[in-house]
Every structure is written in structure tokens, then in C-alpha cells.
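Chemist: Quick one: the structure is below, and I'll ask about it shortly.
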Number of protein chains: 2
Amino acid sequence: MRRSECAQIAMMLEVCAYPKPGNVDRCHDYDDTWLEHFLASAILARPAFVTAETGAAGMGACIKEAVSLTAVHRGGNTHFGAYLLLFPLIMGDGIAGAQTVIAETTTDDALRFYEAFALTEVRMNKTDDLDVNDPESAQHIRDEGLTLRDIISYSAPGDMVCREWSNGFALSRRVADYLLSAPNGKQAIVRAFFSLLESEPDTFIIKKLGREAAEWTMARAQEVCRGIYAAEEFDEECLERGINPGSIADITIAGIYLALREGWDWESCRRA
Amino acid sequence: MRRSECAQIAMMLEVCAYPKPGNVDRCHDYDDTWLEHFLASAILARPAFVTAETGAAGMGACIKEAVSLTAVHRGGNTHFGAYLLLFPLIMGDGIAGAQTVIAETTTDDALRFYEAFALTEVRMNKTDDLDVNDPESAQHIRDEGLTLRDIISYSAPGDMVCREWSNGFALSRRVADYLLSAPNGKQAIVRAFFSLLESEPDTFIIKKLGREAAEWTMARAQEVCRGIYAAEEFDEECLERGINPGSIADITIAGIYLALREGWDWESCRRA
């Protein structure tokens, strides 16, 4: 499969994996965002992935293209964080190349990224002074000559997806390694997801509900991994509390992408 | 959305719809064919739909391209019947145009179709003397100058998908009209599916298990529609008996495609 298709298949496999506590999966929709919205995004984003694969545009323009293509449904932003990881990995064809691509991002990439951001309703910290709805932010980027890497670095302390840009895609790599060493195909996605959930506070949860909710989620995930709490019950509890580990889902997509590119066989078990 | 994307979204919406008795849906996999296989096909078939949309190749070549692109996974043939309906509808941009395209199919289309067929494990009647595994069939097609329409007409008496080619896509149209008149988006897909299931014996079931099984399925579907039998229970019973109404699923995809092209809003209800 070509890189664009691996990205699409990674998005599809991630959202179908069940049970993923608190997130949309094949057994759960949110009121306003359904399994079908995530899958429509996976289908409709393709031209942007092809643009990235063929090097026809810069990273900021690619991200903006993907957001525009997938904003046609009413399910809201489904994959903004995933795009932030998939595009460098596609353009660089792996982690080493992605780091080069990231180092070479420009002010134009930063401006296009802000335009993409403005098309979504991505959760931001209130303290961010690079507010996408503030026209002065764009002026600030121009005046300071900030690149997209600068912008992402700025958000990295409070955003685990942005941190992947500066830490060698450490967590994406962990997911990929987990999948590549697992004997049983797609079922390993859920366990890879849990391996992040029990060890990393999800920064999307922190932004939405605070650090305590993220710590609670980690502790519960540890109980599930130790076999003293049922994954399905944890799932229901997360849904009730509005806890959805969205950043870990984004990183899981990037990890699946890497694994697929490196030969992982998602079909290797014959039963779901 | 462009025609190719409507075809992909139709394939995605159909397989996700739940409960669809006996078929793969978001809550059920078969042992060897999973939700993810159907969705991978919806993602990977795109270049063939684009070929059809742009008129870059004939119908037989398009069908063969779609089958080749989606034969990369091990889920087997997922959409052969659907392709047989989607390609004329894409190439002709609707039913009237599809009928023209069908009337203009050639012997080359027939030969490419046979090559596509040979890549799959599509269920055939044992009595078919145009056996795809028989090299003499291709020679027979050439000698007689048979077109793809001739081949499909030959199968029409025992195959409701093939019948669509000669009856003005009557059942696909019925599904589309049902969806276009329904108030509540994607949930209407299940009811459209049932409206065929209770009134038409599925020819895939007949080929696999015989007419009695198809009649039983219709009778049960009527009970569900009258509210005296639970759809979920019917679903489990079909799965146990190995009854899967695959032809009605193919026609449902074609109906969703038509409805999407005619402005149907699959998102119009806000809750699954």
C-alpha cells in the first residue's frame, strides 16, 4: 500500500478498534460525532495525503487541505491531532525523514496551519496567546518569522501530540513497536492503546476536564491492565463522565501508520 | 461530493448500518471477513471509481481495477455485486445514463469482467456454462461477440443484482426513494434494507442455501417489520444458520449511492 493508503487504513483501524474507553469505536457514537464521521474523514482526506506523498505542497498547506476536505460533514473535527502526526510521517516517509521535514517548516506553513486551525473547533488552552481567532496572531507569526515547528514547540509542554514533533515521535514509535511485536493483528490495537493510557496522562483530557480526570483515567487503565477492572465497564464510565482520551487516539493512529509501513499484518489473526 | 466519493461513502454507510440480519455490520464480523475488510475495500477502491468518473476506461476494465485494488486484503470478495451496480451508475451519472452505458458495453468489457471474476470467489450457480475458470468461456465470448450486457442478462433470471441492469435499477431506486423520503438520516438505511428483505427473496441466499432459506428469511423479516420479532434476535438466528443476504446488501449500497447523489442527508438525525 502506498503511504496515503496506509494513513487512511490507520485511521479506519483505530476508530473501529473496540473497546477504547471513552472514544468513538464500532460500538459507540457520541451524540454529535459518530463512527461514520470518523470513517468519512478517513475516506475524504485522501487527496491531501496524496499531496503530501508526492511533495506537491508544504506541510501547512497539506494540513489545511485535509481539514477542508473533511469539514464537509457535521461530525466536527475528528482527526486534527492525527494529521499533525501523519503529515510529517508521510512527507518524510518515516520518523527520521519526518524530523528533517519538521526542521524545514516555514512561516508559510505556520500561517496555513493557523488557517486550518480556524476551520476546526480544536480545544486550546485559554492561556494561549497565539489565538487562532485573533488576526494579530498571524501578524505576530509574520513579524517574528515563526515557523510551524516554532508554533508546535510552543504548545508542546501541554500537548502530547505536539511533543511528538520534538521527541522523535516517541509514543507513536512505542505503539508501532507494540503492534509489530504482537502476534495477533488488529486486536493488538486495543492493547497498544491501553499501554499508553495506563502510562501517559492524556493532554486532551487535561485541557477539557483537568489533570485530576487524566490521573483518574490512568489509574483505571492500570486496573484494567492488571485484570481487576473490566475494559467495557471502564468504557461506560468514561462515556458517562465525558472523558475521551483523544490525544492518545491520535498517537495510536500515527503508531498504526508506522507499523503498516514497516510491514505489520493487521489481519494476522483470523477472528476478531 | 464527487461521484467516486459518494460510492465510497455509500459502501461505508451500508456496512456500518446496524442491525442488518446475517450480514457484517458494526457489531458483527464473520470469522474470515470483518467490518474492517469492508471498510478497507471502500478506501482502496477509490482509484477505480475515479477511472469510471473520468471515463478513462471501459466498464469491464473499471470493475477489474476495483477487484484488483481490493484483493490486497484477506477478507475475500466484499463488494463484487456492488461494483456491478456502482460502475454503471457512476459512468452514466444516474439510472438513465447507466442504461445507456450498459447498452454500449462491448466484448472487451465482457472479457475484462471475466478476468475480474476470476480474481474473486464469487458464488456462481453450478449450472452456469460460462464458467470463469474455463478458458473456453473467453473463447466463446469472443466467438459469439458477446457484450458485458449479454453476460449479465444471462445471469439475470437467478441473480437480483444482474436483474437491476435490465429493469431500470428498480430495487436500487426503491432504496433511494425510501432514503430520500425518510426523516432521519442514516437510521433509515436499516429500514430500507428491511423493506427489500421482507419483499424480495435474496438470490445470494438462494445460491448458497436454496430457495427455502430465502423464503424463511423473507417471512422472518416480515415479522420484524410487523413488530412481532426482534431485529437483533433475527440477526443472531441468521448468523447461526449462515444466512447472509449479500445481494440485498449490494443493492442497498447502490440505493445509498443514488440517494447521496440526489441530495440525501445521511446526517439529518443527531443521534444514532
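The values are calculated or read from the model by the stated rules, or taken from the named source; none is laboratory data. The structure presented is a predicted model; accordingly, all values stated were derived computationally and were not measured. Methodologically, a virtual Cβ is constructed for each residue, glycine included, from the backbone with ideal geometry; neighbour enumeration extends over all protein chains shown.
Chemist: In this structure, does A:ILE189 turn out to be within 19 Å of A:PHE80 (Cα to Cα), under 17 Å from the mean Cα position of the chain (by Cα), in a helix (DSSP H, G or I) and modelled with pLDDT of 95 or more?
Modeler: Here the answer is no, as A:ILE189 does not meet what is asked.
Chemist: Give, as residue ranges, the helices (runs of 4 or more DSSP H) completely inside region B:205-262 that count at least 1 residues that are over 19 Å from B:TYR30 (Cβ atoms) and modelled with pLDDT of 95 or more.
Modeler: Numbers: elements: B:211-225, B:231-241, B:246-261.
In region B:205-262, the matching helices (runs of 4 or more DSSP H) lie at B:211-225, B:246-261.
Chemist: For region B:65-89, how many residues are assigned to a loop (DSSP other than H, G, I, E, B) and crowded, with 18+ Cβ neighbours inside 10 Å?
Modeler: 5
Chemist: Quickly run through region A:8-37 and pick out the residues that are within 10 Å of chain B (Cβ to nearest Cβ), among the hydrophobic types (A, V, I, L, M, F, W, C) and surrounded by 22 or more Cβ atoms within 10 Å (Cβ to Cβ).
Modeler: A:ILE9, A:MET11, A:MET12, A:LEU13, A:VAL15, A:CYS16, A:ALA17, A:TRP34, A:LEU35, listed by residue number.
Residues checked against (1) surrounded by 15 or more Cβ atoms within 10 Å (Cβ to Cβ); (2) in contact with a helix residue (DSSP H, G or I) (Cβ under 7 Å, 6 or more places away or on another chain); (3) more than 17 Å from A:TRP266 (Cα to Cα):
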site	(1), (2), (3)
A:GLN139	no, no, yes
A:TYR154	yes, no, yes
A:GLY158	yes, yes, yes
A:PHE169	yes, yes, yes
A:LEU179	yes, yes, no
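Chemist: Does at least one position in region A:90-100 carry a residue that is away from chain B (no Cβ under 14 Å), part of a loop (DSSP other than H, G, I, E, B) and in contact (Cβ under 8 Å) with a residue 24 or more places away in the chain?
Modeler: There is at least one residue in region A:90-100 that is away from chain B (no Cβ under 14 Å), part of a loop (DSSP other than H, G, I, E, B) and in contact (Cβ under 8 Å) with a residue 24 or more places away in the chain.
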